[in-house]
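Trainee: Quick one: the structure is below, questions incoming.
Please treat every number below as a calculation from the coordinates, not as lab data. Worth saying up front: this structure is predicted, and the values here are computed from it rather than measured. Cβ sites come from the backbone with ideal geometry, for glycine too, and all protein chains shown count toward neighbours.
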Amino acid sequence: MENIFVTSGTSVLGFQTITLLSKNGYSVHSISKPPLQEKLLKLSLENHCFGDFTGLSDAEVIRWLRGMDTVFYTSTLSSDTIAPKPAQEFFFRENVEPLERLMKLAKEAGVRRFILFTSFYNALSRKWPELELSEVHPFIHSTLEQEKLADELTARDFQVVVLLTPFLLLDDPDQTTSFAHHFKQIRQTSEASLFQAEPIRWTFLTEAGLSRALQTVLTDDRLGSGSYLLGSGDMEALRVYELLQAEAKFPFEIKLVTAADLEKQGMAERQRLREDASEAGLASIERAKLKQRSLVLDENQLDSRFYQDEPGLEDAVRARLAQLQ
């Protein structure tokens, strides 16, 4: 059975990765920043410790990685992170530099497979080159740089697989995912804005979809290095809001808005952030263009080993919305 190292075991994605791998009998090792989720304690991991690998020396990191077959990197910051100015430097420092160091040390330690979880926006950047997402959004710039690193460091004896994650429908008691962040904002404003010109759809990943992806990267000998979109299907955003209205313990209005309305909202957000000397990972005004498009990929861009429409997607969305109350 493989020895696996997972970064950021206390993050939502890291915790679920550890949980699913442990249930399938893998020997899982992890180093994570506190606080440790109560459920992680119940897994009784023999090889888990508190800490931050970025604060360890190269020799200490290699000692942790020696004997590992696979590393899962789940430490990419969220697109909803508000950064101190200049945001592009912040995201490069947080998302790119630690990844580059860990990948190089993993190769030195003899790790043969490295799995990077990063953003679904990378795929959308390639789908919509006219939006120049990397140039205008500091977060997307950093995640595309991550993908570039993965391509550069791939070797015959070092497979690198990049898994692009959409909205996560995973157990999230601390409400830290982008999905949770979005609905926190609705609760604060009592309003959900939705572009009125066309139906907007969002792509989601369930626990079953994540489990399928983990098994694929660990067992499919035909899988090559490269980038793959994870997904369990997509749903119309209006339906998601309707489900939230049914589940919510607070009232809110679903408001259909124009492109000009979305840009105005972005300008107001940018002004608030300027007053705090901060910037959003997704640029406030330019984000209006993203809100006018469905966050889905074309069928010819999907790999059925990682993306499958699941019949219970609406139930999974409803369950996560109930958890947000």
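Trainee: Rg(Cα) of region 171-217 divided by 2.2 N^0.38 Å?
Mentor: Against the compact-globule rule of thumb, the ratio is 1.55.
Trainee: Using alpha carbons only, how many angstrom separate the centre of region 1-19 from the centre of region 272-300?
Mentor: Taking the Cα centre of region 272-300 as reference, the centre of region 1-19 is 29 Å away.
Trainee: Could you calculate the contour length gain from residue 157 to residue 184, that is, 0.36 nm times the residue separation minus the distance between their Cα atoms, to one decimal place in nm?
Mentor: Taking residue 157 through residue 184 to full extension adds about 5.3 nm, to one decimal.
Trainee: Starting from the Kirkwood Rh over alpha-carbon pairs, what translational D in µm² s⁻¹ does the chain have by Stokes-Einstein at 20 °C and 1.002 mPa s?
Mentor: 105 µm²/s
Trainee: If you don't mind, another one. Find how much the distance from residue 1 to residue 82 grows on full extension, using 0.36 nm per residue of separation minus their present alpha carbon separation; answer in nm with one decimal.
Mentor: In short, 25.1 nm is gained.
Trainee: Amide H to amide H, which residues 5 or more places from residue 281 or on other chains are under 5 Å from it, using H placed in the peptide plane?
Mentor: Sorted by chain and number, the residues that satisfy this are 81, 83.
Trainee: Between the alpha-carbon centers of region 72-105 and region 149-185, tell me the distance in whole angstrom.
Mentor: 12 Å
Trainee: Checking the table 104/148; 249/289; 85/148 against a 20 Å threshold on Cα-Cα, which pairs fail?
Mentor: The pairs that break the limit, which is 20 Å between Cα atoms, are 249/289; 85/148.
Trainee: Still on this structure: Taking amide H atoms as placed 1.01 Å from N in the peptide plane, list the residues 5 or more away in sequence, or in a different chain, whose amide H sits under 5 Å from that of residue 192.
Mentor: 253, 254, 255
Trainee: While we're here: Of all DSSP beta bridges in the chain, what percent run antiparallel (nearest 5)?
Mentor: 15 percent
Trainee: In sequence order, what are the phi-derived ³J(HN,Hα) couplings for region 292-303 according to the Karplus relation 6.51 cos²θ - 1.76 cosθ + 1.60 with θ = phi - 60°, rounded to whole Hz, with x for glycine and proline?
Mentor: 9, 10, 6, 8, 9, 10, 6, 4, 6, 9, 9, 10
Trainee: Convert 10 °C to kelvin, take the viscosity as 1.306 mPa s, use the Kirkwood radius over C-alpha pairs of region 174-317 as Rh, and evaluate the Stokes-Einstein diffusion coefficient in µm²/s, rounded to a whole number.
Mentor: 92 µm²/s
Trainee: Would you mind checking region 188-209 for residues with the amide N under 17 Å from a putative spin-label position 7 Å along Cα→C-beta of residue 255?
Mentor: 188-197, by backbone N distance to the label point.
Trainee: Based on the Cβ-Cβ distance of residue 171 and residue 298, what FRET efficiency does E = 1/(1 + (r/R0)^6) give at R0 = 35 Å, to the nearest 0.05?
Mentor: About 0.70, to the nearest 0.05.
Trainee: Moving on to the next point. Decide, for region 102-174, between rounded, prolate and oblate: order the square roots of the alpha carbon gyration tensor eigenvalues as a ≥ b ≥ c, take rounded if a/c falls under 1.5, and otherwise choose prolate if a/b is larger than b/c, else oblate.
Mentor: Verdict is oblate for region 102-174.
Trainee: Could you work out how much longer the chain between residue 267 and residue 322 gets when fully extended? Use 0.36 nm per residue separation minus the Cα distance between them, nm to one decimal.
Mentor: Between residue 267 and residue 322, full extension yields an extra 16.6 nm.
Trainee: Under 5 Å between amide hydrogens, which residues at least 5 positions from residue 3 or on another chain qualify, with H placed 1.01 Å from N in the peptide plane?
Mentor: 69, 70
Trainee: Then there's this: Which aspartates and glutamates, on any chain, are close to residue 264 with Cα under 20 Å apart, when same-chain ones fewer than 8 places away are left out?
Mentor: In chain and number order, the partners are 80, 191, 198, 253, 275, 276, 279, 286.
Trainee: Place the peptides 59-70, 4-15 in order of packing, highest mean first, counting for every residue the other Cβ atoms within 10 Å and averaging per peptide.
Mentor: Per-residue mean Cβ counts within 10 Å order the peptides as 4-15, 59-70.
Trainee: For residue 62, project a label point 7 Å along Cα to C-beta. Then give me every residue of region 109-141 with its amide nitrogen under 14 Å of that point.
Mentor: Counting only backbone N, you get 109-111.
Trainee: Once phi is turned into θ = phi - 60°, what whole-Hz ³J(HN,Hα) does the Karplus curve with 6.51, -1.76 and 1.60 give for every residue of region 218-225, x standing for Gly and Pro?
Mentor: 8, 10, 8, 5, 8, 6, x, 4
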